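Some notes on the structure that comes next.
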Amino acid sequence: MHHIQQLAADILGRVEAGTTLTEALAAAHRQAPNLSASERGALQDLSYGSLRHLGTLSHHLRQLVPKPLPEPQLERVLIVAFYQLLHTRAADYAVVNEAVTLAGTLAKGNFKGLVNGVLRNFLRRREQLTALAARDLVASSNHPSWWLQRVQAAYPEQWRQVMAAANAHPPLTLRVNRRDGSVEDYLKRLEEAGMAAATLGGEAVQLAKPVAVRELPGFADGEVSVQDEGAQRAAHWLDLQPGLRVLDACAAPGGKTGHMLELADIEVTALDIDAARLTRVADNLERLGLTAQLREADAARPEAWWDGRPFDRILADVPCSASGVVRRHPDIKWLRRPGDFAMLGRQQAEMADALWPLLASGGKMLYATCSIFPEENQQQLESFLRRHPDAACLRQEQLLPCERHDGFYYALLEKH
């Protein structure tokens, strides 16, 4: 079993070097193609869990080993082992033995004794270490200090709830395909399948306990999709009517594209700059039995792809920090840097400005992010309105992550 611990430590190393968790997991699966389903599940839990709790786990490490070890992989092995000892059912002795065996393969095996000692010390002092970490804001919030400070500044009343939600396990929310049946009918089917669920309004249904997608009744036939309740608001905000020409400017992976087409008979052009990600849009639409015109293109450079016919609706789901979906992607909080926001802000403004001329007079554009930071959201809206006197904001909303949904921002703009 120690190879799972090793693969999880490798994944942490890749993320530390700047790779996303999704890519690092895929690389680990290529490295170890013969893992069983339960081993794959365990690897996913160890890598996601270690990153979710990295603030606390790193705090434990520095309490027990004050100076960084000469071989960084040893530190990652210890962090994964701490996670196993705190959050999994694995037997303590088995976790310690695995880590010691693994330490024997690193740094000429010079640190086997140290790893053994640190883990036994950890088991003895577990309660004391947990209490110490709880008194340290960075450790207990499991976010970098600069991120914590920004959330506190933006949400002085709610920052504790925001941080707690960002560290929780995300809910599994489904979107029932209106073209195939009602939410009530689908809830009955879930009940028959022994899956407890509740409606959140609209087409959204939340499962009490997440399950594998393939187990969902009617999933393969397009009767239901997986989509966060916050993300499902976009299509409703756009006020879609039959026959409208709609642009989905950054469509991948295609959740909002599919939802728009389920709600109304519209003509959709779906763009994405990444060909590989565009195939996911195609797969999603094929499963739903819906069609859109898919184009590999840069939304911020319309001269390369636009035919000059104005759109009635534009969904501008702009590149952002993804700070609102950290519980689904716990690597984000460790990969982001404070300097990223200036670059993202430029991209956001550039894309919104490039898309605005493509909108018909009287048309509506929805500016959307999955971010909680005002500089990507309200501040972008204010500067956009200053640059475009022919734009009016009909409504805007900042959703913060909670039990129902992730964090999103929406601003609906109308062209005079």
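The values are calculated or read from the model by the stated rules, or taken from the named source; none is laboratory data. This structure is a prediction, so every number in the text was calculated from the model and none was measured. No Cβ is skipped: glycine too gets one built from the backbone with ideal geometry, and neighbour counts run over all protein chains shown. Protein only, heavy atoms only, side chains kept; ligands, DNA and RNA dropped before computing areas. Shrake-Rupley method; radii C 1.70, N 1.55, O 1.52, S 1.80 Å.
So the values come out like this:
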item	result
Qualifying helices (runs of 4 or more DSSP H) (wholly inside the range 104-193; at least 1 residues being within 28 Å of residue 288 (Cα to Cα) and open to solvent by 60 Å² or more (accessible area, probe 1.4 Å))	183-192
Meets criteria (closer than 29 Å to residue 219 by Cβ, of a type outside the set (Val, Ile, Thr) and buried (at least 18 other Cβ atoms within 10 Å of the Cβ)) for residue 317	yes
Neighbours by Cβ (under 7 Å, 6+ apart or cross-chain): first from the range 50-61, within 11 Å of residue 167 (Cβ to Cβ); second in a helix (DSSP H, G or I) and of a type in the set (S, T, N, Q)	52/167; 55/141; 56/140
Test: residue in the range 75-89 that is exposed (fewer than 15 other Cβ atoms within 10 Å of the Cβ) and either of a type outside the set (Ser, Thr, Tyr) or under 33 Å from the mean Cα position of the chain (by Cα) (or both)	yes
Pair list, Cβ < 9 Å and 6+ apart or interchain, from the range 4-16 residues that are closer than 10 Å to residue 102 by Cβ to residues that are among the charged types (D, E, K, R) and assigned to a helix (DSSP H, G or I)	5/98; 6/98; 9/75; 9/76
Subset tally (residues that are of a type in the set (Ser, Thr, Tyr) and part of a helix (DSSP H, G or I)) for the range 331-384	1
Hits in the range 320-330 (condition: part of a helix (DSSP H, G or I) and within 20 Å of residue 12 (Cα to Cα))	323, 325
Verdict on residue 22 being surrounded by fewer than 20 Cβ atoms within 10 Å (Cβ to Cβ), within 29 Å of residue 170 (Cβ to Cβ) and in contact (Cβ under 8 Å) with a residue 60 or more places away in the chain	yes
Residue 241 being crowded, with 22+ Cβ neighbours inside 10 Å and polar (S, T, N, Q)	no
Sole exception among (1) aliphatic (A, V, I, L, M); (2) more than 20 Å from residue 336 (Cα to Cα); (3) assigned to a helix (DSSP H, G or I) for residue 69, by number	(3)
Selection within the range 199-236 - among the hydrophobic types (A, V, I, L, M, F, W, C), in contact with a strand residue (DSSP E or B) (Cβ under 9 Å, 6 or more places away or on another chain) and either closer than 17 Å to residue 406 by Cα or at pLDDT below 95 (or both)	200, 204, 205, 207, 208, 211, 213, 226, 231, 234, 235
Filtered residues of the range 207-224 (kept if within 22 Å of residue 257 (Cβ to Cβ) and touching a Pro at 6+ places or on another chain (Cβ under 8 Å))	223, 224
Hits in the range 357-387 - residues which are closer than 20 Å to residue 247 by Cα and crowded, with 16+ Cβ neighbours inside 10 Å	358, 359, 363, 364, 365, 366, 367, 368, 369, 370, 381, 384
